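Q: Dumping the structure here so I can ask a few things about it.
The values are calculated or read from the model by the stated rules, or taken from the named source; none is laboratory data. Note that the coordinates shown come from a computational prediction; the quantities given were computed from them, not determined experimentally. Cβ atoms come from the backbone with ideal geometry, glycine included; neighbour counts cover every protein chain shown. Ligands, DNA and RNA are stripped out before the accessible areas are found, and what is left, the full protein with its side chains, is counted by its heavy atoms. Shrake-Rupley method; radii C 1.70, N 1.55, O 1.52, S 1.80 Å.
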Amino acid sequence: MSMQPSPWPEPDPEVAGVIEAIFRGKQLPLPVQVRDMLGEVFPDGQFAQLFATRGRPGLSPGLLALVSVLQAAERLTDRQAAGMARENLSWKYALGLALDDPGFDFSVLSEFRARVVAGGMEQRLLDLLLAALAEKGLVGAGGRQRTDSTHVISAVRDLNRLELAGESVRAAVEAIVAAVPGWFEQVFDVSGWSRRYGHKIDSFKMPKAQTKRDLLAGDYATDAHALLDAVYSPAAPVWLRELAPVQALRIVLLQNFVVAVDRQGRQVIRMRDAVGDGVPPAQGRLTSPYDLDTRWAAKGDDLFWNGYKVHISEACDAAPST
């Protein structure tokens, strides 16, 4: 695909007239303001290295770059952004398209991004935009800023480690049963698994004695190993192991259990001891089989939650005097 650099087309007079009539005395849409204030933000010549000099001519890379900026500003998909370029008057104004211009296929946007990434021009796009904004006084030089974080609680049930082990097995079983009806019944005794995992795992229904809880943890881990062995066997569908709950079960098993040998030389599976065996740090340890990104976190001495941290930054330089 080739590209012959050329200046951006001026906004179509017919489109400009309609916009002036609609928005007279009102704030203009963002695409119109961008074109009026910044002009040709991304000259085609800046992208010459990405294209050949011969071959089928492509769309203006500068205009596609502007489409990408507007798309990010309005949080649109490729299909939606292509629709805006075809149907929205303010976008047509910014891109210099005629009222009856049919626009372009949405796949052009992903192809353009791939070409930019392959050519290592991502930073160049940002630099051109920042330079245009700085020239108009819309952004200033970097100054001081402060950053803080606030907690966001995830929409999952808080589980202790014993509950997490049992619920992870349950989640994996349910995903497998839904994905391949009939397979689980051929491998396991369904009635036995149903008694243990037919309902959500809850501490209120668990034994209170620590010895019995340790035995229950071993049962969960044994079931997890048996389930994973079956899923990873040559007779099982290969794609079963790619199910998210199955992968979560593998991680939960590794992070919370160890395989040891007792005094009689028998192999036993027991829950990790935080002091003797060690457990992964909180930022890497799964806390739910249903949300693989949520984590236990703490802030100060009195805030402890299962969820996320949102970091917020703000400039703290003194405002310029007027």
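Q: With n ≥ 4 as the cut-off for DSSP H runs, can you work out [θ] at 222 nm for the chain, using -39500 (n - 2.57) per run divided by the number of residues, rounded to the nearest 500?
A: Result for the chain: -14000 deg cm²/dmol, rounded to the nearest 500.
Q: About its Cα centre, what dipole magnitude does the chain give when the only charges are +1 on Lys and Arg Cβ and -1 on Asp and Glu Cβ, stated in debye to the nearest 20?
A: 1120
Q: Specify whether the C-alpha gyration tensor of the range 153-286 places it in the rounded, prolate or oblate class, a ≥ b ≥ c being the square roots of the eigenvalues: rounded for a/c under 1.5, otherwise prolate if a/b is larger than b/c and oblate if not.
A: rounded
Q: For the range 82-96, what does the Karplus curve 6.51 cos²θ - 1.76 cosθ + 1.60, with θ = phi - 60°, yield as ³J(HN,Hα) per residue in whole Hz, taken in order and with x for Gly and Pro?
A: 5, x, 5, 5, 8, 10, 8, 5, 5, 5, 4, 4, 4, 8, x
Q: Give the lysines reachable from Lys309 as a straight Cα distance under 18 Å; neighbours fewer than 8 places away on the same chain don't count.
A: Cross-link targets: Lys299.
Q: Let me ask something else. Considering only DSSP states other than H, G, I, E and B, which trypsin sites (Lys or Arg not before Pro) in the range 243-286 qualify as loop sites with at most 11 other Cβ atoms within 10 Å?
A: Arg263, Arg266
Q: Still on this structure, please answer the following. What FRET efficiency would be calculated for the residue pair Val139, Ala244, taking the C-beta separation as r and a Förster radius of 45 Å, to the nearest 0.05?
A: Computed FRET efficiency for Val139 and Ala244: 0.65.
Q: Rounding to the nearest 10 and keeping the result within 0 to 90°, find how far the Cα-based axis of helix 107-118 lies from the longest principal axis of the chain.
A: 80
Q: Here is a follow-up. Quick one, which of (1) 269; (2) 159; (3) 200 is the actual volume of the Cα convex hull per residue in Å³ calculated for this model?
A: (1)
Q: May I ask you to compute the full-extension gain from Arg56 to Glu40, defined as 0.36 nm times their residue separation minus their alpha-carbon distance, rounded to one decimal in nm?
A: 3.4 nm is the gain from fully extending Arg56 to Glu40.
Q: What's the extension gain from Glu111 to Tyr290 if we count 0.36 nm per residue and subtract their Cα-Cα distance?
A: Additional length available on full extension: 61.0 nm.
Q: Evaluated at 10 °C with a viscosity of 1.306 mPa s, what Stokes-Einstein diffusion coefficient in µm²/s does the range 65-153 have when Rh comes from the Kirkwood expression over alpha-carbon pairs?
A: The Stokes-Einstein estimate is 102 µm²/s.
Q: Enter the angle in degrees (range 0 to 90, nearest 10) between the Cα long axis of helix 161-179 and the first principal axis of the Cα atoms of the chain, meaning the one along which they spread out most.
A: That works out to roughly 70 degrees.
Q: Using a 1.4 angstrom probe and counting only protein chains, how large is the accessible area of Ile153 in Å², to 10?
A: 120
Q: Okay, next question. For a test of the definition: using alpha carbon positions, the gyration tensor, and the 1.5 limit on a/c, classify the range 115-154 as rounded, prolate or oblate.
A: Taking the square roots of the gyration eigenvalues as a ≥ b ≥ c, the range 115-154 is oblate.
Q: Then there is this: Using a 1.4 angstrom probe with every protein chain in place, what is the largest-first accessible-area order of Lys212, Lys299, Lys92?
A: Lys212, Lys299, Lys92
Q: Right, next: Whole-Hz Karplus ³J(HN,Hα) for the range 281-298, in order, using 6.51 cos²θ - 1.76 cosθ + 1.60 and θ = phi - 60°, x for Gly and Pro?
A: x, 4, 5, x, 9, 5, 10, 7, x, 9, 9, 7, 9, 6, 9, 6, 8, 9
Q: I want the local charge near Ser6. Using Cβ-Cβ distances under 14 Å, sum +1 for each Lys or Arg and -1 for each Asp or Glu among the other residues.
A: It works out to a net charge of -3.
Q: When the Karplus curve 6.51 cos²θ - 1.76 cosθ + 1.60 is applied with θ = phi - 60°, which whole-Hz ³J(HN,Hα) does each residue of the range 56-62 get, with x for Gly and Pro?
A: 5, x, x, 5, 4, x, x
Q: Just need the relative contact order of the range 235-308 here, percent rounded to a whole number, with Cα pairs under 8 Å and 6+ apart.
A: Once normalised by length, the contact order is 20 percent.
Q: Just want to confirm a number: the relative contact order over the chain, from Cα pairs under 8 angstrom separated by 6+ residues, in percent.
A: It rounds to 18 percent for the chain.
Q: Which whole-angstrom value gives the distance between the alpha carbon centres of the range 236-288 and the range 150-221?
A: So the two Cα centres are separated by 14 Å.
Q: Turning to a different aspect of this structure: Which angle between 0 and 90 degrees, to the nearest 10, do you get for helix 210-231 versus the longest principal axis of the chain when only C-alpha atoms count?
A: Taking Cα atoms only, the helix is inclined about 60 degrees.
Q: A further question follows. log10 I(q)/I(0), Debye, Cα-only the range 232-287, no solvent, q = 0.16, 0.19, 0.27, 0.29 Å⁻¹?
A: Here log10 of I(q) over I(0) equals -0.66, -0.81, -1.04, -1.10.
Q: Still on this structure, I have one more. Can you figure out the FRET efficiency of Asp158 with Arg263, using R₀ = 30 Å and their beta-carbon distance, to the nearest 0.05?
A: Efficiency for this residue pair is about 0.25.
Q: What lysines does Lys208 reach when the alpha-carbon gap must be under 29 Å and sequence neighbours fewer than 8 apart in one chain are set aside?
A: The qualifying lysines are Lys200.
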